[in-house]
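Bear in mind these aren't lab numbers, they're just calculated from the coordinates by the rules spelled out. From a predicted model like this one, the values you see are computed outputs, not experimental measurements. Methodologically, a virtual Cβ is constructed for each residue, glycine included, from the backbone with ideal geometry; neighbour enumeration extends over all protein chains shown.
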Amino acid sequence: MTQPRSPWQEIATTAWPRLKKDLHSDVAIVGGGISGIATLYYLLTLTDKQVVLVERGTIGCGATGNNAGFAWAHIERPVSELVEEFGFEPVKEAFLELDHGWDEYIKIHQLIGLENNVEPLGNAGLGFGFTDKATLESSLQDGAIFRKMGRKKWEFYISEEIEVEGEGIHRVPREVILEKLQTIDSSYIGLLYDSVERARTNTYLFSHRLLEYLKRRFPDRFEIYEQTEITHIEKNTLSHPSGTIAAEALIICTNGYSDKATPRAAYAAACSTPLPNDYSAAFITHKDPSVPYWHVTNCNSLTIFAGPEYIDPTLDLNEWDKTFALITQFAQRTYRLHPSFQYQWYGIMGYTQTGLRWVGQDRHNPHIWYNLGCNGIGIVHAVASGERIARLLNGETLKPSLFSQFQS
Ligand SMILES: Cc1cc2nc3c(=O)[nH]c(=O)nc-3n(C[C@H](O)[C@H](O)[C@H](O)COP(=O)(O)OP(=O)(O)OC[C@H]3O[C@@H](n4cnc5c(N)ncnc54)[C@H](O)[C@@H]3O)c2cc1C
């Protein structure tokens, strides 16, 4: 068994103290991943509140330091399904909120002098590859909805012999699809190309650099404690092993919250020697459910294979060896690549039952707020949601969003 190790965490970081006393603050944030740190950033910049953030391990030790690094303003559920459940306008608003989150993510990078941490992905081979007609048709439906929203365009490249109808279709010989996906696996019959911006990014580095910036700019407005686990929440008070933290608002940014609220899944990723072009491609093989969904992100000498996912959050390390064999098989089948892996790692994702993030106030305890539930894609969401919560805590009235409709 090779010990899992992610490339993102290879930076020198500041250590923060352990909390050994009782504290009072205006706001307390639980969880020092990108969600907690983005929320802290907005609380400091948009409000005059005093904030404390507590982390049970070290800053960025969770999904923030162990993800696939693919930043994208998207929700991992069919858009047609969301529109059917929530209606067209709320879904459109949610995507616009995520687009804004993307802009904010870039803006903060510029503010903290970390522009090169978001590496744009080229157009070669971009997209989702499909092996079956039904999944392709469902994506064509989603593409039509995005066109109606005017938000972005999905273009489809579909093999000439496949009979489907829809907008934005380019009929091409099968070889063109394989070429665009850069794969040697001839089972792909079509792909969608999403024109929305996307990038590879190190959220661990982002989180640490943002904290350093905040420390310089707001030295007296916040405190951070590591190695401090919150073990209990009662009204407006958090308990930790050496005391309590009382605050008017307690913001839970723990990725998952409880098994009931957010079933969790582990998800494996690994990286290797680079592929020829910078791109991101998803390989969806629904015909055979035993074959997992894969996402490949290739940029600047680092190729990341993300997948498969597990429902059990306690991924057994022996299981990891089996997973890694699958990653290797996938690389061989897809690229005829016999990769040399410098890193192999996995992390835990908090999946909510609806696949939508929880952003807002608890229904029963008004002191508790949530910014959690990464659901596979959570980087841009963490930023957008941090801003929303800070605005609400600042007394602004905002329209309810798709992400505030959870049942706590
Ligand atoms: C393998 C993998 C691949 C992914 N790939 C992508 C991707 O390509 N694109 C994308 O957008 N998203 C991706 N994600 C999701 C993305 O990484 C997450 O959405 C994001 O990092 C979540 O940040 P967070 O701050 O909410 O959670 P975390 O980073 O998990 O932070 C939560 C923190 O809370 C702390 N904590 C928990 N309980 C307590 C407690 N009781 N007391 C104190 N502290 C506590 C934890 O120690 C942890 O540090 C991926 C995730 C994984 C695991």
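Assuming 0.36 nm per residue, please report the length gained on full extension of the stretch S408 to N300 beyond their Cα-Cα distance.
Roughly 34.7 nm would be gained on extension.
Angle check, please: helix 317-335 long axis (alpha carbons) against the longest principal axis of the chain (alpha carbons), in degrees 0 to 90, nearest 10.
Taking Cα atoms only, the helix is inclined about 40 degrees.
At what distance in angstrom do the alpha carbon centres of the stretch 347-366 and the stretch 110-149 lie from each other?
Spelled out, the Cα-based centre of one part sits 25 Å from the other.
Who wins for biggest fluctuation among V164, V359, V52 in a Gaussian network model of the chain, springs between alpha carbons below 10 Å?
Looking only at V164, V359, V52, the largest GNM fluctuation is found for V164.
Which FRET efficiency value, to the nearest 0.05, do you get for R18 and L317 by plugging their Cβ-Cβ distance into 1/(1 + (r/R0)^6) with R0 = 30 Å?
Computed FRET efficiency for R18 and L317 comes out at 0.60.
Using Cβ counts within 10 Å as a stand-in for footprinting exposure, how do Y257, Y204 rank, fewest first?
Y257, Y204
Search the structure for amide H atoms under 5 Å from the amide H of Y351, placed 1.01 Å from N in the peptide plane, and list their residues when 5 or more places away or on another chain.
HN-HN under 5 Å from Y351: R264, A265, N375.
Give the lysines whose C-alpha is closer than 28 Å to that of K133, dropping any in the same chain fewer than 8 places away, or say none.
Output for K133: K92, K148, K152, K153, K180, K287.
Are any of the pairs K20/K215; K21/K215; K20/K49; K21/K399 more than 28 Å apart by Cα-Cα distance, and if so, which?
K21/K399
How would you order 395-407, 361-373 from highest to lowest mean count of nearby Cβ atoms within 10 Å?
So the peptides 395-407, 361-373, ranked by packing, come out 361-373, 395-407.
Using helices alone, I'd like the mean residue ellipticity at 222 nm for the chain: each DSSP H run of four-plus residues gives -39500 (n - 2.57), total over residue count, nearest 500.
After summing the helix terms and dividing by the residues of the chain, the value is -9500 deg cm²/dmol.
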